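Everything on this sheet refers to the single structure shown next.
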Amino acid sequence: MRESQKITIEYIKLLGRQIFTTREISDMSGKSMSAVTQSLGYLGRHNVIEKLYRGVWTEITNKLISPFMIVPHLFKSSRVYVSFLSALHMHGIIEQIPQTITLASILHSRKIKTAIGIFVVHQISPGFFSGFDWYKGSGSFLIAEPEKALADCLYLFTRKKSNTVISRNLICKNLLA
């Protein structure tokens, strides 16, 4: 292993987080993004770290990585929060485990595939971009409050006019009880 890779590993350890970005290592080391990208690529090829998404990495350890841990790193210049069915599940309101993690943002809707999960971003009006806070469990990401997650589902349903059905039992059993 070359000296530059050893130095890169030291900066990764200094961060003290499972997930980190190329930009963070570049800022800490004072090296160019290109040099850091090459070092991280080398470490990835030698199974020291794993690339999760563009510019987002994790050190390969025996620790489990929650897909929610990557949420703050998916968008460099805009905030997103976990909402819709994903938030309702995390709050214990629905038992169904969503196959994708749904996010709310003022950015355009899109699907993002990463090494640890699939994220579907739904665009909402800037006027509705509130009603969320930091998740209280492990991880550092924003999540909609239970009522806001349901409101976001209804908002999306009216905008998309989709075939998504929100069960009356879901509302009555868990939110109004």
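The values are calculated or read from the model by the stated rules, or taken from the named source; none is laboratory data. What you are looking at is a predicted structure, and each value in this text was computed from that prediction instead of being measured. Note that we place each Cβ from the backbone using ideal geometry, even for glycine, and neighbour counts take in every protein chain shown.
Some values worked out for this structure:
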{"item": "Boolean, Phe20 is hydrophobic (A, V, I, L, M, F, W, C) and assigned by TED's automatic domain parsing to the domain that holds Lys136", "result": "no"}
{"item": "Residue tally, condition in contact with a Ser or Thr (Cβ under 9 Å, 6 or more places away or on another chain) and in a strand (DSSP E or B), over the range 21-62", "result": "7"}
{"item": "Boolean, Ile9 is among the aliphatic types (A, V, I, L, M), assigned to a loop (DSSP other than H, G, I, E, B), in contact (Cβ under 8 Å) with a residue 24 or more places away in the chain and over 19 Å from Phe141 (Cα atoms)", "result": "no"}
{"item": "Every residue from the range 80-136 that is surrounded by 19 or more Cβ atoms within 10 Å (Cβ to Cβ) and part of a helix (DSSP H, G or I)", "result": "Phe84, Leu85, Ser86, Ala87, Leu88, Met90"}
